[in-house]
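Novice: Sharing a structure, written as structure tokens. Questions coming.
The values are calculated or read from the model by the stated rules, or taken from the named source; none is laboratory data. Keep in mind the model is a prediction, meaning the values are calculated, not measured. For neighbour counting, all protein chains shown are included, and Cβ atoms are generated from backbone atoms with ideal geometry for every residue, glycine included. Side chains included, ligands, DNA and RNA excluded: accessible areas come from the protein's heavy atoms. Shrake-Rupley method; radii C 1.70, N 1.55, O 1.52, S 1.80 Å.
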Amino acid sequence: MKPALACSTLAALALLLAMPVAAAEPPATTAVAPDAAFVRQVNAFLDGWHDDAAHTRPAYFDKIAPQGVYIGTDKSEIWTRDQFKAWARPFWERKKAWAFTAQQRNVYYSPDRRYVWFDEQLSTQMGTCQASGVLRNTGDGFLVEHYQLSLAVPNALNAGFAKAIAEYESKAAR
């Protein structure tokens, strides 16, 4: 069999095998509507978590799972909860940390509502930031399993930022 014919035969076979799976999916019109009350719970948790940081309440760290990960804006900032807590200790000691307020948030969740993932745009002291995260619903509340914060850099400014970062990193390497 010629290679081209073998490839097209395999592609057709793969398509046929995939068709029953696609046909088994329910039509889009039968999709479950978002649970507005559950989304409000998620939003209240996240807004409260951000408020805990703004007021340096210890509950902020209690809302991060013991094995949870926090990724900050600097490439060196990849912490477990306890590492993050140690890094943030000076902020908590002087009673002044960061204040993030959600401008916009999208919330998604598993059918059993055990896992929630979200993305948000935030007003911060650094300007507009974007973040995404994963929450685990324990039944008694949520825990942050993963959170990643990033600066929202307009595409038109990326080249200038990339150049400034490269220059900074080359000086730091010397």
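Novice: Looking only at the range 79-105, count every residue that is surrounded by fewer than 16 Cβ atoms within 10 Å (Cβ to Cβ), at negative phi and without any contact (Cβ under 8 Å) to a residue 40 or more places away in the chain and tell me the total.
Specialist: 12
Novice: While we're here: Kindly provide the set of residues from the range 134-155 that are without any contact (Cβ under 8 Å) to a residue 24 or more places away in the chain and either of a type in the set (S, T, N, Q) or assigned to a strand (DSSP E or B) (or both), ordered by number.
Specialist: Result: V134, T138, N155.
Novice: Okay, moving on. Collect the residues in the range 111-140 that are loosely packed, with under 12 Cβ neighbours inside 10 Å and closer than 24 Å to V39 by Cα, keeping them in residue-number order.
Specialist: P111, D112, T138, G139, D140
Yes or no, residue by residue, for (1) modelled with pLDDT under 95; (2) closer than 26 Å to D119 by Cβ:
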{"residue": "L13", "(1), (2)": "yes, no"}
{"residue": "A18", "(1), (2)": "yes, no"}
{"residue": "Q41", "(1), (2)": "no, yes"}
{"residue": "A44", "(1), (2)": "no, yes"}
{"residue": "Y70", "(1), (2)": "no, yes"}
{"residue": "T80", "(1), (2)": "no, yes"}
{"residue": "W92", "(1), (2)": "no, no"}
{"residue": "F100", "(1), (2)": "no, yes"}
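Novice: Moving to a separate point now. Find all pairs meeting these conditions: Cβ atoms under 6 angstrom apart; at least six residues apart or on different chains; first residue within the range 106-122 and under 18 Å from L149 (Cα atoms); second residue part of a loop (DSSP other than H, G, I, E, B).
Specialist: L122/F100
Novice: Also, quick follow-up: Just to check your reading of the model, which residue among T138, T124 is hydroxyl-bearing (S, T, Y) and within 17 Å of the chain's Cα centre (by Cα)?
Specialist: Result: T124 is the single residue among T138, T124 that is hydroxyl-bearing (S, T, Y) and within 17 Å of the chain's Cα centre (by Cα).
Novice: Residues in the range 68-78: is at least one open to solvent by 50 Å² or more (accessible area, probe 1.4 Å) and acidic (D, E)?
Specialist: Looking through the range 68-78, at least one residue is open to solvent by 50 Å² or more (accessible area, probe 1.4 Å) and acidic (D, E).
Novice: Then there's this: Here are the criteria: (1) in a loop (DSSP other than H, G, I, E, B); (2) of a type outside the set (A, V, I, L, M); (3) touching a helix residue (DSSP H, G or I) at 6+ places or on another chain (Cβ under 9 Å). Tell me which single one K95 does not satisfy.
Specialist: The single condition K95 does not satisfy is (3).
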